[in-house]
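Everything on this sheet refers to the single structure shown next.
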Amino acid sequence: MTAIATDWAFRASEVTKVYPGGARANDALTLHVEPGEVYGLLGPNGAGKSTLVKQIIGLLKPTSGSLAIGPHDLVAQPDVARQLCSYLPQAQMPIDSFKAAEAIELTGRIRGGDPATVRARTDTLIEALDIGEWRDEMGVKLSGGVKRLVGFAMATVWPGRLVILDEPTNDVDPLRRRLLWEQVRRLSAEGCAVMLVTHNVLEAEKSVDRLAVIMDGTIVAEGTPSALKAQDRGQLRLQVMLSPGVTTPEAPDWVRHPVRVGNNLVTTIDESAAAAGIDWAVGLMGAGVAEEYALGATTLEDVYIRLTGHASANGTGGEA
Ligand SMILES: Nc1ncnc2c1ncn2[C@@H]1O[C@H](COP(=O)(O)OP(=O)(O)O)[C@@H](O)[C@H]1O
Ligand SMILES: [Mg+2]
């Protein structure tokens, strides 16, 4: 071991990607993820998240800009990029003809892990994620949630310096989601830089150290969850559950950023407008337009809605 510690941070500098058709999917993106940090990349569909990830792991070349982990240029050396990065794609891995434990162990071996350590880490992950009852089940027979957990174990059994997780908890039950987040924390404690790609803001709020909100290929906000929420100090979230089938009611102009997801109307109001907000909601209930309302503290979800105009997945109890 050398006495001089290498800086193993991941850095994207001024990354621009223009697709052949002309779509500018990334526009001068600059961000970094430090070893031991869990960094969230949030943004609605089409924001440019997957395009960035594909460039990091060498599947696409940036039109301009640079991507590096420590001293390694990922664009010039896609093979090194694949070694230094672990990746859980959003789409399920094709593991139909492998047993769950086999798929995890094989991935660790392919990534260069020594057999004994890989076997031990496989066992540890299977236990930690509570998927022991499926360890010898063929992939084709696994439920979506268990497959997702196996995919996570495959991506992290022999982790690179940067671990990229694209919507890791999709289809996973709430109990095992918590187990998965504990493993993400363990990875960061071991010194991995973790990039979490998601449009589930509430989950990100609980699990990331820092995050960026990306829109139309550029970063529109970046910081810790509490720093981003501090921008909304003095605001409240007023959520109105509309009656099934009604058209969205006209909101007074002091009711800001109304976004409807299913029958849920999520809005932001000033603290000083709390009483007026309640009157408005109660009026809607009296008119049969709404069934109930809730007034509470703003969350990262409200910041996200203000920045993107979109509700996030699961953030409002509805489907985005
Ligand atoms: N292969 C492609 N060719 C042309 N345009 C693409 C391609 N892939 C993505 N895009 C466009 O680039 C933009 C960003 O897409 P993407 O990176 O997939 O966003 P996200 O992962 O945030 O949903 C979108 O406008 C999308 O239509
Ligand atoms: Mg995507």
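Is one or more of the residues making up region 23-37 away from ligand 1 (no atom under 16 Å from the Cβ) and among the acidic types (Asp, Glu)? Taking every residue of region 23-37 in turn, at least one turns out to be away from ligand 1 (no atom under 16 Å from the Cβ) and among the acidic types (Asp, Glu). Where strands (runs of 3 or more DSSP E) sit wholly within region 1-73, those with at least 1 residues that are farther than 24 Å from ASP209 by Cα occupy 10-18, 24-33, 64-69.
Taken as a whole, the condition of being buried (at least 16 other Cβ atoms within 10 Å of the Cβ) and either outside the structural domain of VAL184 (by TED's automatic domain parsing) or of a type in the set (Asp, Glu) (or both) does not apply to ALA287. Here THR169 passes the criteria (1) buried (at least 18 other Cβ atoms within 10 Å of the Cβ); (2) part of a strand (DSSP E or B); (3) not basic (Lys, Arg) except the one numbered (2). Quick check on region 245-262. Is at least one of its residues under 20 Å from PRO44 (Cα atoms), in a loop (DSSP other than H, G, I, E, B) and over 16 Å from the mean Cα position of the chain (by Cα)? Scanning region 245-262, I find at least one residue that is under 20 Å from PRO44 (Cα atoms), in a loop (DSSP other than H, G, I, E, B) and over 16 Å from the mean Cα position of the chain (by Cα), so the answer is yes. Somewhere in region 83-91, is a residue more than 18 Å from the chain's Cα centre (by Cα) and either outside any helix (DSSP H, G or I) or among the aliphatic types (A, V, I, L, M) (or both)? Within region 83-91, one or more residues are more than 18 Å from the chain's Cα centre (by Cα) and either outside any helix (DSSP H, G or I) or among the aliphatic types (A, V, I, L, M) (or both). The one condition from (1) in contact with a Lys or Arg (Cβ under 8 Å, 6 or more places away or on another chain); (2) modelled with pLDDT under 95; (3) at negative phi that HIS257 does not meet is (3). For region 182-223, the set of residues classified as within 14 Å of the chain's Cα centre (by Cα), in a helix (DSSP H, G or I) and modelled with pLDDT of 95 or more consists of VAL184 only.
Yes/no per residue for (1) within 16 Å of ligand 2 (Cβ to nearest atom); (2) surrounded by fewer than 18 Cβ atoms within 10 Å (Cβ to Cβ):
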site: TRP8; (1), (2): no, no
site: GLU14; (1), (2): no, yes
site: TYR19; (1), (2): yes, yes
site: HIS32; (1), (2): no, yes
site: GLY40; (1), (2): yes, no
site: LYS49; (1), (2): yes, no
site: LEU59; (1), (2): yes, yes
site: GLN83; (1), (2): no, yes
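The values are calculated or read from the model by the stated rules, or taken from the named source; none is laboratory data. This is a predicted model, so every value here is computed, not measured. As a convention, Cβ positions derive from the backbone with ideal geometry for all residues, glycine included, and neighbour counts pool all protein chains shown.
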